[in-house]
Amino acid sequence: MPEFVLSPNILVVPILIVLIVLEFGLSRLMGRSVYSFQDSITSINIGIMSQFVNATGAVISAFMYAVIEMKYGTFEWNLASPVTWIFALLLYDFMYYWVHRTGHEVNMFWAAHITHHSSDEFNFSTALRQASTGFYFKWVFYMPLAVLGIPVQVFVVVGLIDLLYQVWVHTRLVGRLGWVEYVLVTPSNHRVHHGKNDYCIDKNYGGIFCTWDRLFGTYADERVEEPIVYGLKKKLHSWNPVWSNLHYWSEMFKKAGEQDNWRNKLMCFFAEPAWSADGNSAPKPLAQFPATDDFFASRTPLRVKLSGLAMTLFSVGLLVFYLGSKQSMSAGLQIFCATAAVCSFAFVGYFWTQGNKKELQR
Amino acid sequence: MNSLAVTDSLLLLVTIVVFSGSKNSPSLRISVAIFGAAALLGVLRFTGLLPLPQMHSFFSGLGATAAYPLLAATFIWSGSVVAQRWRFASIFFVIAGAFGLIASALEFALWGNLVALVSVTALLIHGIRVRNVQASMGAAALLVALILFASKAALPPYLQPGDFLHVFMALGLMLLSRKASLAGG
């Protein structure tokens, strides 16, 4: 039996559950509906799956960071000094801005990040809807911290702070926050980031500070007169956590396969997501996409709901066990566990989606 | 202060000149900026003003693994999006740099030398194929720089292996950038 260690990311799990329950309860008290059952279940399971995959993927990032810091780390930093932590957090957040911007503006990175935007809702469960395929490129952007010699433990902690800060901004229940809007990422300006209204596209990439957006011209204020519509312009039509991670990769490779020259094939991967071979690269306006959607509007059958709830409870338990035990597992066993989790999510996700589609056909 | 500080200063000066004269060529600007950063760190290091040997070594490695291929792309595919648009030049640079970092982490030290050598050789072949004397001479100077550095050629006590690298690189970049400005790039 592997040894169980209570790591910080395990302690985060109950906090996230409490936050979701609180937001749900508060929204009910306010007479607002900000949660849809199957969408939230899918978001949570996408988050759990990403933890299974990224718990191993993050090791690659940490390894690369540690090696580069050891080889090229230029300065000594005092861990007891607040200056070290503040500087590291600022620099991390600045690099996060570019990671995030690249994730939206370069097609093969958008293929990973699109998962986070595939929900039609916007609530704390959306914050958990994280990609399982993004770890392969993000580490590169944080290498300036390693070259400056910021110790790996500082990098990990400020990374966790940056990530956790972003949970609370995924809510529709908090309005505008006055002067704070000028400095920090807030629920209001992050709602814009998740919107598919034309004015929201490619805006507000900041993690903790919105200063970077203001500096680089990607900031947009929420417009009271134009309610935000969340999600993707081209809807996903699936509750499958695995497919939500892979659908855009599949589309991208298909599109590249259809091109008749190498230049265009490469452009499918490295150009902006709206790129097309005919030269019309401007994002299509929202008005061109259907406003109503049968798949999301259809009633989710009870058996799908119950299996969703059961799977979520089971996979939360499994994740906690996995995160607590993985230090004593071999790399092979870790990869096996992550693969097994992905396979079971693929199977159950297929059942959920089919359940909804059958309901639609009735 | 030693000879390396002097020859690094020369390289730094050339990169500044090439950088300021290549407004319409983002890929050339990025590659000479990296060479320039390495040269500046070299000047600081060898004059003893602010020795940051790890950072100098990092930028030198980045120059070999990412700036050389970007330089080659600038001239070989001068009509490509990599040569003409900041966005694609940056993506090319980040990806080439990532491979360099992976090679460095895996202790595959030969990677940087190989990438630089292949890039410069491709530049030379391209220069000869398009019969551009200036570009060919520029690429040949870069090739000589790499060969002399790899073979640790020196003229003790006056010139060290790094000096040949700096001087021939400066010459090569100057000649290549003249070619770019002649082509309107």
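The values are calculated or read from the model by the stated rules, or taken from the named source; none is laboratory data. Here the structure is a predicted model, which is why all the values come from computation and not from measurement. Backbone-built Cβ (ideal geometry, glycine too); neighbour counts: all protein chains shown. The protein model used for the area step is the full one, side chains on, heavy atoms only, and it has no ligands, DNA or RNA in it. Shrake-Rupley method; radii C 1.70, N 1.55, O 1.52, S 1.80 Å.
Taking the Cα centroid of segment A:180-230 and of segment A:262-277, what is the distance between the two, rounded to the nearest whole Å?
Each part reduced to its Cα centre gives a spacing of 27 Å.
Buried accessible area between A and B (1.4 Å probe, both chains summed, ligands and nucleic acids excluded), in Å² to the nearest 100?
Between A and B, the summed buried area is about 1800 Å².
Which value in nm describes the separation of the simple spin-label points at A:L333 and A:E226, placed 7 Å from the Cα toward the beta carbon?
In this crude label model, A:L333 to A:E226 measures out at 5.5 nm.
When chain B is treated as a GNM, springs tying every alpha-carbon pair under 10 Å, which of B:G100, B:G36, B:G79 comes out with the largest mean-square fluctuation?
Of the options given, B:G79 has the highest mean-square fluctuation.
Rounded, prolate or oblate: which fits segment A:211-273, taking a ≥ b ≥ c as square roots of the Cα gyration tensor eigenvalues, rounded meaning a/c under 1.5, else prolate when a/b beats b/c?
Oblate shape, in that a/c is at least 1.5 and b/c is the bigger or equal ratio.
At 222 nm, what helix-only mean residue ellipticity would chain B give, in deg cm²/dmol to the nearest 500, using -39500 (n - 2.57) for each DSSP H run of four or more?
-25500 deg cm²/dmol
Roll a 1.4 Å probe over the protein chains and send me the accessible area per residue for chain A in Å².
47 Å²
Please list, or write none, the aspartates and glutamates whose alpha carbon is within less than 14 Å of the alpha carbon of A:K255, excluding same-chain residues fewer than 8 places away.
Cα-Cα hits under 14 Å: A:E272, A:D278.
Separation between the A:L26 and A:K265 pseudo-spin-labels, each 7 Å from Cα along Cα→Cβ, expressed in nm?
5.2 nm
For A:K235, list the lysines whose Cα falls under 17 Å from its own Cα; do not include residues on the same chain fewer than 8 positions away.
Cross-link targets: A:K196, A:K284, A:K357.
Given the rule -39500 (n - 2.57) for each run of at least 4 DSSP H residues, summed and divided by the residues of chain A, what is its mean residue ellipticity at 222 nm, to the nearest 500 deg cm²/dmol?
Calculated mean residue ellipticity at 222 nm is -20000 deg cm²/dmol.
So if the hydrodynamic radius of chain B is defined as the Kirkwood radius over C-alpha pairs, what does Stokes-Einstein give as its diffusion coefficient at 25 °C and 0.890 mPa s, in µm² per second?
Taking Rh from Cα pairs, D becomes 151 µm²/s.
Give me the distance between the Cα centres of segment B:69-89 and segment A:311-347, rounded to whole Å.
If you average the Cα positions of each part, the centres end up 44 Å apart.
Take each complete run of DSSP H in chain B, measure how far its Cα atoms stretch along the helix's own axis, and keep only those covering 24 Å or more with mean Kyte-Doolittle hydropathy at least 0.0; list them. Mind showing how you got there, number by number?
Values: long enough: B:3-20 (26 Å, 2.09); B:26-47 (31 Å, 1.44); B:86-105 (28 Å, 1.69); B:110-129 (28 Å, 1.49); B:133-150 (25 Å, 2.16); B:161-182 (32 Å, 0.95).
Span-like helices here: B:3-20, B:26-47, B:86-105, B:110-129, B:133-150, B:161-182.
Take every Cα-Cα pair in the protein assembly as shown and report what % of them are more than 34 Å apart.
Working: 69618 of 149331 pairs.
When every Cα pair of the protein assembly as shown is considered, 47 percent fall beyond 34 Å.
If a/c stays under 1.5 just call it rounded; otherwise compare a/b with b/c (prolate if a/b is bigger, oblate if not). Do that for segment A:191-311, with a ≥ b ≥ c from the square roots of the Cα gyration tensor eigenvalues.
Oblate, since a/c reaches 1.5 and b/c is not below a/b.
Give me the percent of accessible area attributable to carbon and sulfur for segment A:8-361, probe 1.4 angstrom.
After summing per-atom areas, the C and S share lands at 69 percent.
Between A:H194, A:H113, A:H247, where does the largest GNM mean-square fluctuation fall for chain A, given springs only between Cα atoms within less than 10 Å?
A:H247
Structure shown: which of A:K71/B:K23; A:K254/A:K326; A:K71/B:K152; A:K265/B:K23; A:K234/A:K305; A:K138/B:K152 lie over 32 Å apart, alpha-carbon to alpha-carbon?
Correct reply: A:K71/B:K23; A:K254/A:K326; A:K138/B:K152.
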